[in-house]
Amino acid sequence: MKVIAIDLGATSGRVMTITHENRHFSYQENSRFLNRTYTDKNGYLLWDFSYLLENIKKGILAALKENPDAESISIDTWGVDYGILRNGKLLHDPCCYRDSHSFESQEKTLERIPFSKIYALTGIQNIHFNTIYQLAGDPTEFVEGDTFLMIPDLIAYFLSGAKRLEETNASTTSLYLRNEGKISNELLHIIGINESLFPPIIKPGETYGLLKKEFLPEGFNKDIKVIACGSHDTASAVLGANGEGDFAYISSGTWSLIGTELQEPLMSEQSRLYNFTNEIGYNHTIRFLKNTMGMFLINEIRNDFKSKGIEISNEDIAPLVNMAKDIDATVDVNDPIFEKPGKMIAKMNEYLAMTKQEKPVTPGEYMKLIYRSMAKDYKKTISQLEKLTNHKIDSILIVGGGNQAEILNQYLANECRIKVVTGASEATILGNAMAQLIALGEIPNVVEGRRDIASSILSKTYYPNC
């Protein structure tokens, strides 16, 4: 059976066709495109949504022309961002989570309600770009709008016409009450938003509707279901994580999401202080995790050196790092100074000067410093996870494109003194597809789906060597 997955990240998007046959997964890329933002006249950083939707349409048409036997389609994206409709039309392009205005609105919101109360209600970690703070920043627009949709739901609306709020992504908003299965009216009232803007909840495996004719190739006369997956990309990635035993997962991309899968939320005072989050996963499970810096710093350092005429390919990284001398320094990879793109070399140097540490010189030294610092940060988070869950982690499963960073994988094994295993680099795509295939009756359950993923990929294990 074939299904189509739309997978959108902060930097790029893809349309993929996934085939499940004889308990084996395979996939084909039908379209890839860059995602893009722009700054409007008021200084807000916005997503170019019409450009995004046009490229999604091209990708769907290409996928269905090549795979007319596909049964369904589903969408996953990053979390927290949203669009507002009025009479079925988008009021304006969605604001990007990297927009700096949310820092101020976070501060103002927390003056009205302490974070301890938000956490007690939702179990979601405190990050300035959480949807609750974005909404609080400019509630005046909601006087004009009539429907709030998260980004994947917004895309699903234009594809199917259905207005729904998918549960896993809704849980990233800091507004969703898991046990009640709805948005908190209490929190909406505090930030001045009317609950009537929020459509009914849809869960992974449920159907939005049928794909509109405008997204079908000419002469195509088959119905294509638009099915909800874990539309927060991490929810799909965790569904596609095929670990065993007491393992922690790292969904590694621009960000790294480090956590474990629980059946019930863990909302203790200590989990709040450690800033762990309780996001909803497939089948109402809990993705108990912490959001930390991922491959963004490495990519930004490479971009910075490229602007100076030094091109660093993926194949160049390992030899450059291995030849680089050890720098007597560590950076806090989650320091706000590193959050925005651009001028990463200067930001690194500024941080090291402020903390009175040795500065790198060569590209290899900068990348070695970043990888070592990331491994130390991951170790700290894994230790916190063990303490909070009262379980000893015996292995770490890394999924997502970042699991191909072999140097980081080895550094992490050395730091944590446990084995590090690579899972599916395309865990998000496979998790997206698995939700569809279970809904269609092709795969009986999550356990069998994960077994099929494990048998379909090449995995590598890293052991501590020091």
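Here Ala120 meets the list (1) under 22 Å from Glu269 (Cβ atoms); (2) touching an Asp or Glu at 6+ places or on another chain (Cβ under 9 Å); (3) not aromatic (Phe, Trp, Tyr) almost entirely, failing just condition (2). Count of region 29-66 residues, restricted to those that are out of contact with any Lys or Arg (no Cβ under 9 Å at 6 or more places or on another chain), part of a strand (DSSP E or B) and within 26 Å of Ile457 (Cβ to Cβ), is 0.
Of all residues in region 15-40, those that are more than 11 Å from Asn55 (Cα to Cα) and assigned by TED's automatic domain parsing to the domain that holds Glu66 have Cβ atoms under 8 Å from Cβ atoms of residues that are among the aromatic types (Phe, Trp, Tyr) and part of a strand (DSSP E or B), 6 or more apart or on another chain, in Met16/Tyr27; Thr17/Tyr27; Ile18/Phe25; Ile18/Tyr27; Thr19/Phe25; Thr19/Tyr27; Arg36/Trp47; Thr37/Trp47.
Criterion applied to Gly400, Gly423 was being touching a strand residue (DSSP E or B) at 6+ places or on another chain (Cβ under 9 Å) and at positive phi, and the one residue passing it is Gly400.
Of the residues examined, Lys380 is one that is in a helix (DSSP H, G or I) and surrounded by fewer than 18 Cβ atoms within 10 Å (Cβ to Cβ).
Within the option set Ile127, Ile118, Ile84, being assigned to a strand (DSSP E or B), of a type in the set (A, V, I, L, M) and in contact (Cβ under 8 Å) with a residue 24 or more places away in the chain holds for one residue only, Ile84. Could you list, in sequence order, the residues of region 315-338 that are within 29 Å of Ile127 (Cβ to Cβ) and either exposed (fewer than 12 other Cβ atoms within 10 Å of the Cβ) or among the charged types (D, E, K, R) (or both)? Result: Asp332, Asp335, Pro336.
For region 165-195, a residue qualifies if it is surrounded by fewer than 16 Cβ atoms within 10 Å (Cβ to Cβ) and either touching a residue at least 40 places away in the same chain (Cβ under 8 Å) or in a strand (DSSP E or B) (or both), and the qualifying residues are Glu186, Gly192, Asn194.
Checking Leu388, Leu437, Leu412 one by one, the residue that is at pLDDT 95 or above, hydrophobic (A, V, I, L, M, F, W, C) and touching a Leu at 6+ places or on another chain (Cβ under 8 Å) is Leu388 and no other.
Among the residues of this structure, Lys359 counts as one that is outside the structural domain of Ser12 (by TED's automatic domain parsing), part of a loop (DSSP other than H, G, I, E, B), among the charged types (D, E, K, R) and in contact with a helix residue (DSSP H, G or I) (Cβ under 6 Å, 6 or more places away or on another chain). Just one residue in the set Ser26, Ser74, Ser105, Ser50 is modelled with pLDDT of 95 or more, of a type outside the set (A, V, I, L, M, F, W, C) and crowded, with 19+ Cβ neighbours inside 10 Å; that residue is Ser74.
The values are calculated or read from the model by the stated rules, or taken from the named source; none is laboratory data. Because the structure is predicted, anything quoted here is derived from the model rather than measured. Cβ coordinates were reconstructed from backbone atoms using ideal geometry, including for glycine residues, and neighbour counts include every protein chain displayed.
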